[in-house]
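Visitor: Structure incoming, see below.
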Amino acid sequence: MNPPQKGKPGDHAHDPRITQLEKAIAELNEQVKKLTDLAARAQADLQNAKIRMGKDREELGAFASENIIRRILPVIDNFQRAFQHLPEDLKNHEWVKGVFAIEQELLKHMTEMGLKKIEALGKTVDASRHEVLMTGPGEEGKVIEIFEDGYELYGKVLRPAKVKVGETR
């Protein structure tokens with residue numbers, strides 16, 4: 001039996017088995033690197049997908065809320081019109097107070113869903129938030145009367161306020 005030959009460390013050119021093993025190790029290291037990169041990309045893709053799904057879920061919820069709110073806005077308008085034309089002798093009637101409480105509860109729930117009334121009176125007219133139906137004597141470019149309230153949902157105008165705007169004569 002021949003004793004192992006001594007040479008410089010790492011100098012295994014004389015033994016083909018060691019050369020083969022070193023080559024196999026290098027190939028395995030390359031595969032590990034590729035698989036590690038692939039796993040990192042898959043992890044990033046998964047994280048991005050989770051973020052995208054969360055945004056999609058929020059948008060779907062907002063879209064559903066928007067459709068419901070758009071359908072309920074005329075009901076709110078009708079409550080407000082009814083209270084504007086309430087006969088003086090009924091203003092303190094308990095039944096009317098109850099109906100008013102129902103309207104306030106409805107508005108509270110709508111606000112919780114993200115609905116916000118567009119403040120218009122005295123504001124400079126903004127075509128994206130105000131629909132000008134009339135002009136009349138008053139400070140030019142300022143809303144002087146509101147015919148129908150406008151509303152927005154999370155900053156998106158659902159319905160512009162229908163207004164009268166001042167003009168100089």
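Visitor: List the aspartates and glutamates whose alpha-carbon lies under 17 Å from that of Lys34, not counting same-chain residues fewer than 8 positions away?
Guide: Asp45
Visitor: What whole-number value in cubic angstrom gives the convex hull volume per residue for the C-alpha atoms of segment 15-113?
Guide: With only Cα atoms used, segment 15-113 gives 91 Å³ per residue.
Visitor: For helix 16-84, report the angle its Cα long axis makes with the longest principal axis of the Cα atoms of the chain; keep it between 0 and 90° and round to the nearest 10°.
Guide: Roughly 10 degrees between the two axes.
Visitor: What size of dipole, in debye to the nearest 20, comes out for the chain about its Cα centre when the only charges are +1 on Lys and Arg C-beta atoms and -1 on Asp and Glu C-beta atoms? Numbers along the way, then the final one.
Guide: Values: 27 positive and 28 negative charges, 142 e Å.
It comes to approximately 680 debye.
Visitor: Sticking with this one: Which of rounded, prolate or oblate describes segment 116-169 when judged by the alpha-carbon gyration tensor and an a/c cut-off of 1.5?
Guide: Working: a/c = 2.60, a/b = 2.33, b/c = 1.12.
Cα axes put segment 116-169 in the prolate bin.
Visitor: Taking the Cα centre of each part, how many Å lie between segment 91-169 and segment 19-66?
Guide: About 49 Å separates the Cα centre of segment 91-169 from the one of segment 19-66.
Visitor: While we're on this one: GNM on the chain, C-alpha springs below 10 Å: top fluctuator among Ala44, Ala64, Ala120?
Guide: Ala44
Visitor: While we're on this one: Could you work out how far helix 94-112 tilts from the main Cα principal axis of the chain, as a 0 to 90 degree angle to the nearest 10?
Guide: The two axes meet at around 30 degrees.
Visitor: Of the candidates Glu145, Glu131, Glu94, which one comes out as most mobile in a Gaussian network treatment of the chain with C-alpha springs shorter than 10 Å?
Guide: Result for the chain, Cα springs under 10 Å: Glu94 fluctuates most.
Visitor: Can you find, among Ala26, Ile72, Ala82, the residue farthest towards the positive end of the dipole of segment 15-113? Put +1 on the C-beta of Lys and Arg, -1 on that of Asp and Glu.
Guide: Sorting the options by dipole projection puts first Ala26.
Visitor: So for each of 16-29, 155-168 I average, over its residues, the number of other beta carbons within 10 Å; can you give me the resulting order with the highest mean first?
Guide: 155-168, 16-29
Visitor: If you don't mind, another one. Would you please state the base-10 log of I(q)/I(0) at q = 0.12, 0.13, 0.14, 0.16 1/Å for the chain, with intensities from the Debye formula using one equal scatterer on every alpha carbon?
Guide: Debye intensities relative to I(0), on a log10 scale: -0.80, -0.87, -0.93, -1.05.
Visitor: Let me ask something else about it. Here is the link list: Lys116/Lys156; Lys117/Lys162; Lys55/Lys116. Which ones come out longer than 19 Å on Cα distance?
Guide: Numbers: Lys116/Lys156 10 Å; Lys117/Lys162 12 Å; Lys55/Lys116 22 Å.
Those over the limit are Lys55/Lys116.
Visitor: Moving on. Looking only at Asp89, Asp149, Asp45, which one moves most when the chain is put into a Gaussian network model with springs between Cα atoms under 10 Å?
Guide: Per the Cα network of the chain with a 10 Å cutoff, Asp89 tops the list.
Read-outs: derived from the displayed coordinates by stated rules, not from any lab. Here the structure is a predicted model, which means the values were calculated and not measured. So basically every Cβ, Gly included, is an ideal-geometry build from the backbone, and we count neighbours across all protein chains shown.
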